Structures are given as structure tokens and as C-alpha cells.
Amino acid sequence: MLITPQHLIQWKQQHKRIAVLTAWDYAIASILDRAGIEVILVGDSMAMVALGHETTLPLTLEEIIHHAKAVRRGVKEALMIVDLPFLTYQESWQQAMHSAGRILKETNAGAVKLEGGYPAIAETVSRLVQAGIPVMGHVGLTPQSVRQTGFRQQGKSSEAGEKILSEAIALEEAGAFAIVIEHVPTELAKAITERLTIPTIGIGAGVHCDGQVLVTSDVLGLGTWKPKFAKNYLDLNSLITKAVQAYGEEVRSGEFPVD
Ligand code: KIV
């Protein structure tokens, strides 16, 4: 079954939780899809975990389209969502339309995701949705604003929490079909989840969201660092290191290849 944004909305009503993971290439995407992950996000975190940048800011539209095409080849059932990179949508809704349109046409994505709330971003979301482009929002810690906020938890004061709640409401009213809530206090994510009729997908936002998202390299333990709220289900970094060291030793000793 090909999963659509409408399924996610139905699942919220049915209290069925949604598992989301990121992917940036064909191999990982095929594994996630076959494992039954409902939503695969071609997230701009790939700038950091796959391309080695310090932030998500340098990622270009061309780069994310290139990676999303590879992910698409591996995804048969999951809903594939692609991030709009920094400054490919913030200038104007026309710029956003152009960027999101390219993503849908060139990668066959099911939806796009963009960061931030109202008023300008909500207006942009409304324009995209009216043009037939499904949009996922993203509030709380928005890594494209890292130069203003750092990677710190957001929404800690009641005033800041109110602002994030009103941004989430504005995004729902603009037609977003789901919203990522990143690194905010659990109670704030709970209040947003209860207030919205569209699903919330949390990351570092506690247990009350309708779904959870993690960056796949954190799940697999591929990198040497992960945020505190992420969980390693595997230590791939050590496993790969051991495997390639064994290969190197066998090549040097002449044990591999065998005739
Ligand atoms: O880019 C990304 O991986 C994301 C998730 C952390 C939600 O936006």
C-alpha cells in the first residue's frame, strides 16, 4: 500500500502511532521501506550526517533533489517527504512554489517539509497546498535558524511555548497535513498534539506526539556523536570499523582474496 498524507491524518484519529526515519540514499531507503517504516524523510540533516557539514545551512536544492531521486528508487510503500533547504523558500511564496514544484516533479516525492511558523511561512504553506503540494510543517527547534537559536531546546518559557503553539495552529489552518515538533518540553508537545487535528511527529519532544522521527544515522550509531534525545539501536560505527580493519589486515597479509 502506498502511504499518503491522508493515511497519516486517519491514523491520528485512530490513535495509531507513526514511525518516521530519514534517508539520503537508495540502500538505506530500501531497508527502511521494507522494514515497514511509514514515512521516509529526505531531511536536510543529510547536510551534516551524509555530507559532513556543521549545520544544515549549506545544502542546496540541487543536492537534495539528487539524493531524493536515489531514495525514491528504494521507496515502494512509505510516504516520501523531502525537506526544502535553507533559503529555497523563505524569500517569497513564489520561490517556495518553484522549489517545491521542482522537488515534486523531479523526485516524485509525496510531500515537502519546511521549517517555521506564521505569518509568512503559513502564507507560503497555504499557497503550496492550494497548488496541490502536500506540506509538512516543522516547529520548535528549527535547525535552519541555528545561527539565532543554537541547537538548544525551544519553548521553555510560557511565552515561548505559546508562540510555538500558535505557529502550529497557523500551519494547520494553512493546510499542513502534519507537523514535526523538535526539541521542546514534553508538556508543550502534548498541548500541541491535543490541540491539532493533524498528526504531530516529535523529535526530542516527549512521548505524547502522534509519531516519532529520528535521524537514521543516530538510530544506527553511524556517527560518533548524537543528540541526547536520540537513541542508538545499533553501533554501526564500531561494526564497520572492525569489518574494514579485518579486510585491510587480510589484504595486507595475503589472506584475501582466495583463489
Ligand atoms: O532534516 C531532518 O532530519 C529533520 C528531522 C530531524 C525532523 O528535519
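Read-outs: derived from the displayed coordinates by stated rules, not from any lab. What you see is a predicted model; the values in this text were computed from it and never measured. Positions of Cβ are generated from backbone atoms using ideal geometry, with glycine treated the same way; all protein chains shown enter the neighbour counts.
Brief remarks on what is shown
- For A178, nonlocal amide neighbours, meaning residues 5 or more places apart or on other chains whose placed amide H falls under 5 Å from its own, are G137.
- Computed from Cα positions, the angle between helix 158-174 and the longest principal axis of the chain comes to roughly 90 degrees.
- Relative contact order %, region 5-253, counting alpha carbon pairs below 8 Å whose residues are six or more apart: 17 percent
- Table column - 3J(HN,Hα) (Hz), region 51-56, Karplus curve with 6.51, -1.76, 1.60, x for Gly and Pro: 10, x, 7, 7, 9, 7
- For the chain, share of DSSP beta bridges that run antiparallel, in % to the nearest 5: 5 percent
- Here r is the Cβ-Cβ distance between A19 and Q148 and R0 is 45 Å; the resulting FRET efficiency, rounded to 0.05, is 0.90.
- Neighbours of T124 by Cβ distance under 14 Å: Lys/Arg scored +1, Asp/Glu scored -1, total -3.
- Positive dipole terminus of the chain, leading residue within L104, H67, T193 (C-beta point charges): T193
- Close amide-amide hydrogen proximity is noted between D44 and D83, each under 5 Å apart and 5 or more residues distant or on a separate chain (H modeled in the peptide plane; Pro and chain starts excluded).
- Expressed as a fraction of 2.2 N^0.38 Å, the C-alpha radius of gyration for the chain is 1.05.
- Net charge contributed by nearby residues that have their C-beta within less than 13 Å of I169 (K/R +1, D/E -1): -3
- Region 138-160 residues near the modelled W225 label - backbone nitrogen below 14 Å, point 7 Å along Cα→Cβ: 150-152
- DSSP beta bridges in region 105-259 [antiparallel fraction, %, rounded to 5]: 5 percent
- The length gained by stretching the chain between H66 and Q10 to full extension, at 0.36 nm per residue less their Cα-Cα distance, is 17.0 nm.
- Between helix 61-74 and the chain: long-axis angle, C-alpha atoms, 0 to 90°, nearest 10: 70 degrees
- Taking other Cβ atoms within 10 Å as a rough exposure proxy, S158, S45 sort from fewest to most as S158, S45.
- The alpha-carbon atoms of region 1-98 define a convex hull whose volume equals 114 cubic angstrom per residue.
- Total charge dipole magnitude, the chain, about the Cα centre, Cβ charges on Lys, Arg, Asp, Glu only, Debye to nearest 20: 360 debye
- Spatially near lysine pairs across the chain, Cα under 15 Å, sequence gap of 8 or more or different chains: 4
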